Amino acid sequence: MKHPRKAVLAAGVLAVFCLAAAADVLVVKIQSTQIRAQAQFFAPVVAGLKAGDALTQIGVSGAWIQVRTAAGLSGWIHQSAVEVPRYALAAAAGGTRTQATASEAALAGKGFNKQVEENFRTGHAEADYASVDRMLQNKMLWSQLKEFLDQGKLGGGR
Amino acid sequence: MNARSRAARALLLAVLLAAGAACSLIDQGTEILGKAEDAVAKGDKAVKAYGKLRSAFGDFTEEEEYYIGRSVAALILGRYPALNDAALNLYVNKVGNAVALSSERPEIFAGWHFQALDTDEVNAMAAPGGMIFITKGLLKRCPDEESLALILAHEVGHVAARHGLQSIRKANVTEAFTSIGLEAIKTYGPEQLARVTAAFEGVLGDIVGTLVERGYDRKLEYEADESAVLFGCRTGYDPAGLARFLKTMVGDMSAVSGKGWFKTHPAPEQRIDRVQAEIDRLQPVPAPAAVRTQRFKSAVSAVR
């Protein structure tokens, strides 16, 4: 084989395409999230996920989707955390059944991204990114939120 | 045929079969790789097809919305300094996240974040991607946790329905997608980077201008009020908290200055009736709880 890397890449791409060929493939569209043991927030966490992770849909209950991970773990995820792979949508809209999620990973970081933000920052000293980063560092813990809801006799999506 | 020649024939047959199998495997391998290369080409086609489909504000990805939101937030924080009170910000984050959990987008790219601003101007603003601001001036005027929750739910409503992205002018949306192009590239060359950044700047200008100067279309403001009442009820908050707050704003002298909230939101009188109608429609609704009023007073006492 003259181009072993290319072959491995091509075989990998094919494998992902085969996966996509299976019905009901979803991808995680947010930075990080979890699948849970029941269809509700605050239920025990089964596994952590990150943007671009592929999942197979196996059931639905209201706004919650029952999924299986690539590692074979199953649990529930809120519908706002996942989407149908965008290339599959594009292929369907084009009237072709292109088995396309392989390029899904390539889409991550395309468009308005870190490089564009950094270039914008060089010409805009008035924009206070340090304060934005401080604001985003303060992550609300699920345990804190649950305690707050319980103490205030609130439901909060439960 | 003697035993030796039978063995030789069997061996030859086995070798031929093995070779045949190997050839078949090679053929299959070649076919698989051929299909894979074909799939790559199809994938590239799909990238282009997807790129061509992007034409409206709703076609920005969750990650792009996050990057737009970060810069909108940076421009807001450039105008209004952050109020660095960790306890107050934590409390505002808890109330905000509680109502966001009841929205259509409880899960958003980098999570929901709420920040108090150190200004007496009465205002609240939401950057795309779930970065929400409330001024000290507005916190001072909130009578209770219910009111604060409903005001934050109003801002969550703007983000959940992507109102910020809707305020981008059509020409700037088109330029954004045209400059980004149809290839699946993540690192731009200097020329394309300059064009994409200019498009990014146009997008930010439209959103910040709407949030800070012009305000949303009234239809979107009323829509966010409806969302606030709904998310508040789902969370367990008395939705009348929004009407109570709006009543405190009627005839407020700050309105004369025409700044902040008064400039970018419809007059409170016009909103109260609509909010009340929405509350009537959702009856029965949750009632206020003393435990919440108590913790609200203790959390915001620093700015009062």
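The values are calculated or read from the model by the stated rules, or taken from the named source; none is laboratory data. This structure is a prediction, so every number in the text was calculated from the model and none was measured. Cβ sites come from the backbone with ideal geometry, for glycine too, and all protein chains shown count toward neighbours.
Residues that are at the interface with chain A (Cβ under 7 Å from one of its Cβ atoms) and either of a type in the set (A, V, I, L, M) or touching a residue at least 60 places away in the same chain (Cβ under 8 Å) (or both) within the range B:93-114 comprise B:ALA98, B:LEU101, B:SER102, B:ILE108, B:ALA110, listed in sequence order.
Could you check, for the range B:221-234, whether at least one of its residues is closer than 15 Å to B:VAL72 by Cβ and surrounded by 20 or more Cβ atoms within 10 Å (Cβ to Cβ)? Checked against the condition, which is being closer than 15 Å to B:VAL72 by Cβ and surrounded by 20 or more Cβ atoms within 10 Å (Cβ to Cβ), the range B:221-234 yields no hits at all.
Being surrounded by fewer than 18 Cβ atoms within 10 Å (Cβ to Cβ) and either part of a strand (DSSP E or B) or charged (D, E, K, R) (or both) narrows it down to one of B:ASP120, B:ASP206, so name that one.
Working: B:ASP206 fails: surrounded by fewer than 18 Cβ atoms within 10 Å (Cβ to Cβ).
Result: B:ASP120 is the single residue among B:ASP120, B:ASP206 that is surrounded by fewer than 18 Cβ atoms within 10 Å (Cβ to Cβ) and either part of a strand (DSSP E or B) or charged (D, E, K, R) (or both).
Sub-6 Å Cβ pairs linking a first residue in the range B:292-303 that is more than 12 Å from chain A (Cβ to nearest Cβ) and part of a helix (DSSP H, G or I) to a second residue that is among the charged types (D, E, K, R) and surrounded by 21 or more Cβ atoms within 10 Å (Cβ to Cβ), at least 6 apart or interchain, are B:VAL303/B:LYS136, ordered by first then second residue.
Quick check on the range B:102-115. Is at least one of its residues surrounded by 24 or more Cβ atoms within 10 Å (Cβ to Cβ), among the aliphatic types (A, V, I, L, M) and at pLDDT 95 or above? Scanning the range B:102-115, I find at least one residue that is surrounded by 24 or more Cβ atoms within 10 Å (Cβ to Cβ), among the aliphatic types (A, V, I, L, M) and at pLDDT 95 or above, so the answer is yes. Look at the range A:136-150: where a residue is touching a residue at least 24 places away in the same chain (Cβ under 8 Å) and a partner is surrounded by 12 or more Cβ atoms within 10 Å (Cβ to Cβ) and of a type in the set (A, V, I, L, M, F, W, C), sitting 6+ places away or on another chain with Cβ atoms under 6 Å, you get A:LYS146/A:PHE42. Apart from one condition, B:LEU165 fits all of (1) surrounded by fewer than 24 Cβ atoms within 10 Å (Cβ to Cβ); (2) not in a helix (DSSP H, G or I); the exception is (2).
If the condition is being at pLDDT 65 or above, part of a helix (DSSP H, G or I) and over 28 Å from B:GLY130 (Cβ atoms), then the range A:72-95 contributes no residue at all. Report whether or not B:ALA49 is modelled with pLDDT of 65 or more and not polar (S, T, N, Q). Yes, satisfied.
When B:GLY260 is tested against (1) more than 23 Å from B:ASN97 (Cβ to Cβ); (2) buried (at least 23 other Cβ atoms within 10 Å of the Cβ), just one condition goes unmet, and that condition is (2). You will find that of A:ALA130, A:ALA125, the residue that is among the small types (Gly, Ala, Ser), part of a helix (DSSP H, G or I) and without any contact (Cβ under 8 Å) to a residue 60 or more places away in the chain is A:ALA130 and no other.
When B:LEU139, B:LEU90, B:LEU152 are checked against the criterion of being in a helix (DSSP H, G or I), within 28 Å of B:SER298 (Cα to Cα) and at the interface with chain A (Cβ under 10 Å from one of its Cβ atoms), a single residue qualifies: B:LEU90. Do we find a residue being in contact with an Asp or Glu (Cβ under 6 Å, 6 or more places away or on another chain), under 30 Å from B:ASP85 (Cβ atoms), among the charged types (D, E, K, R) and surrounded by fewer than 21 Cβ atoms within 10 Å (Cβ to Cβ) anywhere in the range B:235-249? There is no residue in the range B:235-249 that is in contact with an Asp or Glu (Cβ under 6 Å, 6 or more places away or on another chain), under 30 Å from B:ASP85 (Cβ atoms), among the charged types (D, E, K, R) and surrounded by fewer than 21 Cβ atoms within 10 Å (Cβ to Cβ).
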